[in-house]
């Protein structure tokens, strides 16, 4: 099954023109959730029972993961650039076609806050 998930997710990455379907829905976390590098994010998916090989696929570099009992886990890579990344659920319909959920957005941010700002004045004499 894992080989099929990888093939399915690779196909989605190569040809992202598959129709979104109401057969799949990411139920948590909500779109716009802030996540951090090295964090493991649990993605909950509601999938129609007619679908097989259900997983989640994140925009590079988030990767992909199969679902188990309606959940998948993505680890945010340590070197992920701060910004928004889309994540969709995907699965195989009974006719073999790929279906995807509407995407959610995960906002990768830094765990560190600015504690001080230092400015310098320079004087240049010409």
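Remarks
- Residue 84 meets each of the listed conditions (1) under 10 Å from the mean Cα position of the chain (by Cα); (2) modelled with pLDDT under 95 apart from (2).
- Options 50, 31; residue that is in a loop (DSSP other than H, G, I, E, B), surrounded by fewer than 16 Cβ atoms within 10 Å (Cβ to Cβ) and modelled with pLDDT under 95: 50
- For residue 61, the conditions (1) more than 10 Å from the chain's Cα centre (by Cα); (2) surrounded by fewer than 14 Cβ atoms within 10 Å (Cβ to Cβ) all hold with the exception of (1).
- Residues located in segment 86-109, provided they are crowded, with 19+ Cβ neighbours inside 10 Å and part of a loop (DSSP other than H, G, I, E, B): 101
- For segment 1-28, residues that are within 17 Å of residue 104 (Cα to Cα), in contact with a strand residue (DSSP E or B) (Cβ under 6 Å, 6 or more places away or on another chain) and at pLDDT below 55 total 2.
The values are calculated or read from the model by the stated rules, or taken from the named source; none is laboratory data. Since the model is a prediction, treat every value here as computed from it, not as a measurement. Note: ideal-geometry Cβ built from the backbone for every residue, glycine included; neighbour counts use all protein chains shown.
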